[in-house]
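S.K.: To start, I am sharing the structure in question, which I have written as structure tokens.
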Amino acid sequence: MADVARLAGVSAMTVSRALKGKGAVTPQTQERILRAVSDLGYVLDKSAGALSSKKTGFVSVLIPSLNNSTFSETVQGITEALDTEAMQVLIGTTGYSRAREEAVIETMLQRRPEGIIVTGGTHTPRGRTMLEQAGIPVIETWDLPAAPIDHVVGFSNAATIEDLMARLMFRGYRRIAFIEGEHGEDTRGHDRRAGYERAVEALGLERACVIEVGRPPITIEQGGGAVVRLMDTWPEVEAVICVSDLSAFGAIMECHRRGWAVPERLAIAGFGDFEIARHTWPSITTVSVGSRGLGRQAGTLMLEAVAAMRGGTPLAPRRINIPHTVIERDSTASLPRPAVAGRVA
């Protein structure tokens, strides 16, 4: 309240009355106080009266969606780690929207979690300010932000696709495409595309062939539509990487319907190592980051950070780089023919 009062040019008592909605405060003063609260990145502590110890016993976890198995597995891993200390998880979904994430951050902080775990390292300016000013441990996951807020448990999305491209190159593929969602707020998908484009240049391939389809997350149906567009646009393409296993599955099913053999006519790879990737036919080559294990590491780090905070000495920021694995399956078997004259080698 002292910070808000100083910025708004009023007394702390006036701030108290304005935020409680009690006492005589003019509309102009009320607006000035609320603007100061917003500019400082503060949120109202609705539980302060009942939870003066600040030991609420729960951690907030923000994920893009619940119907993506990689994120549900991440939450499962976080829960397994927190269960060891009887801490609970409060889940919020952001819908791949930074504006939505900002609103969810504010809602969560009003309930005073002892820590917050967010997906990704890109936030709105106000969202970032709220996280920085929250006074609790913050862990960014599924990314390696250049300027972390606090702790990081993640990996380079671009590097995963660069490694996958190298494996396809080793298998004999030279004309490789990429399917992703429309440009927007899915920064992790955008990073994977950046990795693809860097690999095209580094490996000396002919050109980048990118199909954008739908608002993230791309569905099975959209994956099917994307592969048709791809083959209509660049019929010479030999392989395609999809931004996720769901879209890769949709692409494979559409190839089956049209009589395009996979991988003989078109090799298809995905990302995430979803359960469906292991059990479809042909099984899908993909990249695994061990979503559940990533979650366990984030949960374990959060327990340590919360314990340090309760002890009065915040944990120094940590950066845990999660290794990834390219899992080669039947959807990208080696080309059964030698490179054709004129192809880039």
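S.K.: Using amide H atoms built 1.01 Å from N in the peptide plane, name the residues 5+ places from ALA267, or on other chains, whose amide H lies under 5 Å from its own.
M.R.: ALA239, VAL240
S.K.: Which entry in [x] 42; [y] 56; [z] 38 is this structure's computed percent of Cα pairs over 33 Å apart?
M.R.: Evaluating percent of Cα pairs over 33 Å apart on these atoms matches [z].
S.K.: Okay, moving on. Rank by packing, highest mean first: peptides 313-324, 70-81, with packing defined as the count of other Cβ atoms within 10 Å averaged across residues.
M.R.: Ranking, from highest mean packing down: 70-81, 313-324.
S.K.: For the range 198-345, just the Cα atoms, rotate onto the principal axes and tell me the three extents in Å, largest first.
M.R.: 66, 32, 28
S.K.: Using the beta-carbon distance between GLU275 and GLN133 and R0 = 35 Å, what value does 1/(1 + (r/R0)^6) give for FRET efficiency, to the nearest 0.05?
M.R.: Numbers: r = 40 Å, r/R0 = 1.13.
The formula returns an efficiency of 0.30 here.
S.K.: Please list, in order, the residues from the range 203-227 whose amide nitrogen is less than 18 Å from a point placed 7 Å along the Cα→Cβ vector of ASN67.
M.R.: Answer for this model: 213-226.
S.K.: Here is a follow-up. What is the Cα centroid distance between the range 128-173 and the range 217-283, reported in whole angstrom?
M.R.: 25
S.K.: What order do you get for VAL89, VAL118 when you list them from fewest to most C-beta neighbours inside 10 Å?
M.R.: Exposure proxy ranking, most exposed first: VAL89, VAL118.
S.K.: Another one. Sorted by packing (mean other beta-carbon atoms within 10 Å per residue), highest first, where do 239-252, 212-225 land?
M.R.: Ranked by mean Cβ neighbours within 10 Å, highest first: 239-252, 212-225.
S.K.: Please compute the length gained on full extension between ALA146 and GLU182, using 0.36 nm multiplied by the number of residues separating them and subtracting their Cα-Cα distance.
M.R.: On the way: separation 36, 0.36 × 36 = 12.96 nm, distance 2.39 nm.
Fully extending the segment from ALA146 to GLU182 adds 10.6 nm.
S.K.: Here's a follow-up. Just to be sure I understand: with springs between alpha-carbon atoms less than 10 Å apart, which residue in THR29, THR119, THR141 has the highest mean-square fluctuation in the Gaussian network model of the chain?
M.R.: The residue with the greatest mean-square fluctuation here is THR29.
S.K.: Then there is this: ALA202 to ALA333: FRET efficiency via 1/(1 + (r/R0)^6), r the Cβ-Cβ distance, R0 30 Å, to the nearest 0.05?
M.R.: 0.80
S.K.: To the nearest µm²/s, what D does Stokes-Einstein give for the range 214-286 at 20 °C and 1.002 mPa s, using the Kirkwood radius over alpha carbon pairs as Rh?
M.R.: My calculation gives 182 µm²/s for D.
S.K.: A follow-up question, please. With labels modelled as points extended 7 Å from the Cα through the Cβ direction, what inter-label distance (nm, one decimal) is found for THR84 paired with GLU236?
M.R.: For THR84 paired with GLU236, the spin-label model returns 5.5 nm.
S.K.: Of LEU205, THR280, VAL15, whose Cα points farthest to the positive end of the dipole of the chain (charges on the beta-carbon: +1 Lys, Arg; -1 Asp, Glu; origin at the Cα centre)?
M.R.: VAL15
Just so you know, all these numbers are worked out from the coordinates, no wet-lab data involved. None of the values given here were measured: they were computed from a predicted structure. Counting neighbours? That spans all protein chains shown, and the Cβs are built from the backbone with ideal geometry, glycine included.
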